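Here the structure is laid out as structure tokens; the discussion comes afterwards.
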Amino acid sequence: MDLRVETLLFDLDGTLIEPSIDFGLLQNQVLALCRRAGIDPSPWAKLPTLEVISHATAQLALTDEEAAAHLALATNQAIIRIEVEAAQRVAPYPGVPEMLERLSAMGYRVGIVTRNCRQAVEAVLARWPLTCGVLLTRDDVARVKPDPQHLEAALTALGATGTRVAMVGDHPMDMAAGRAIGAATVLVRTEMLTEERLRQAEPDLVLDRVTDLVHHLFQGPGHPQMRVERG
């Protein structure tokens with residue numbers, strides 16, 4: 001079917017740019033800092049790192065707010081160091097800068113929503129400018145993906161309204177955030193994405209490369225549209 005789409009929101013790492021963050025190292029450092037602060041992180045060890053930090057600091061704050069603040073600072077400094085170092089090695093996937101320029105020229109509002117820190121993202125964009133109307137990192141919003149407020153903040157900044165939106169990402173949490181705002185969801189395949197996780201993500205459209213998106217976009221009667229398999 002064809003959906004009227006006026007706004008395209010993109011994840012960054014693993015979607016528009018090559019993944020380079022060592023998430024295993026990042027997670028291990030955060031878990032170690034939690035243990036050093038007297039918190040057993042094992043109940044949350046399989047969650048993404050930001051969620052581990054949130055749970056651990058909330059638990060510690062019940063008994064020692066100052067220690068919780070120190071833990072939050074230490075863990076965030078640790079992941080920022082890893083993200084900024086990784087940012088020095090990344091590049092956009094082939095054709096991505098040209099694709100973003102083309103989408104803007106076609107009349108789409110384009111935004112980037114990422115859980116990465118702004119310092120790391122700006123280091124990437126200083127070397128590889130990417131055309132977009134708004135870019136929101138985790139430092140720019142109170143709640144990050146998969147919370148829909150991250151996407152809603154981007155829509156507000158773009159002056160976009162309604163559900164004429166597509167969310168494009170490489171992770172099930174991108175699809176969850178997109179569905180929460182009623183957006184069409186586009187999942188980009190990666191080596192880390194198993195078939196089981198792909199099915200669980202339930203995207204409207206699956207791409208082998210993010211640049212294949214342009215083949216699903218066209219100018220309908222008076223407005224841009226996207227062709228998807230949504231029932």
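The values are calculated or read from the model by the stated rules, or taken from the named source; none is laboratory data. Computed from a prediction, not measured in an experiment: that's the story for all the values here. Here the Cβ is made from the backbone with ideal geometry for all residues, glycine too, and neighbour counts use every protein chain on show.
Observations on the model:
- Complete set of residues in the stretch 143-160 that are within 11 Å of the chain's Cα centre (by Cα) and among the hydrophobic types (A, V, I, L, M, F, W, C): V144, L151
- Breaking point among (1) assigned to a helix (DSSP H, G or I); (2) at pLDDT 95 or above, for L198: (2)
- Some residue of the stretch 118-131 being more than 24 Å from E98 (Cβ to Cβ) and without any contact (Cβ under 8 Å) to a residue 60 or more places away in the chain: yes
- Some residue of the stretch 120-131 being part of a helix (DSSP H, G or I) and of a type in the set (V, I, T): yes
- Identity of the residue in the stretch 96-140, of a type in the set (S, T, N, Q) and surrounded by fewer than 18 Cβ atoms within 10 Å (Cβ to Cβ), that ends up nearest to L50 (Cα to Cα): Q119
- Evaluation of R143 against (1) within 20 Å of I53 (Cβ to Cβ); (2) crowded, with 20+ Cβ neighbours inside 10 Å (one fails), failing number: (2)
- The lone exception for L25 - which of (1) part of a helix (DSSP H, G or I); (2) modelled with pLDDT of 95 or more; (3) loosely packed, with under 15 Cβ neighbours inside 10 Å it fails: (2)
- Residue list for the stretch 52-95, filter: loosely packed, with under 14 Cβ neighbours inside 10 Å and either of a type in the set (A, V, I, L, M, F, W, C) or in a loop (DSSP other than H, G, I, E, B) (or both): A58, L62, T63, D64, A69, L73, Q88, R89, A91, P94
- Residue selected from the stretch 36-86 under the condition farther than 17 Å from L25 by Cβ and hydroxyl-bearing (S, T, Y), by the criterion nearest to the chain's Cα centre (by Cα): S54
- Residue list for the stretch 1-22, filter: outside any loop (DSSP other than H, G, I, E, B) and among the polar types (S, T, N, Q): T7
- Checked against the criterion of being outside the structural domain of R138 (by TED's automatic domain parsing), among the polar types (S, T, N, Q) and surrounded by 20 or more Cβ atoms within 10 Å (Cβ to Cβ), the candidates T7, T49 yield just one match: T49.
- Residue match in the stretch 101-111 (condition: assigned by TED's automatic domain parsing to the domain that holds D212, at pLDDT 95 or above and not acidic (D, E)): yes
- Answer residue from the stretch 170-195, given it is of a type in the set (D, E) and out of contact with any Gly (no Cβ under 6 Å at 6 or more places or on another chain) and is modelled with the highest pLDDT among those: D174
- Among the residues here, R179 does not qualify as part of a helix (DSSP H, G or I), assigned by TED's automatic domain parsing to the domain that holds Y108, of a type in the set (K, R) and touching a residue at least 24 places away in the same chain (Cβ under 8 Å).
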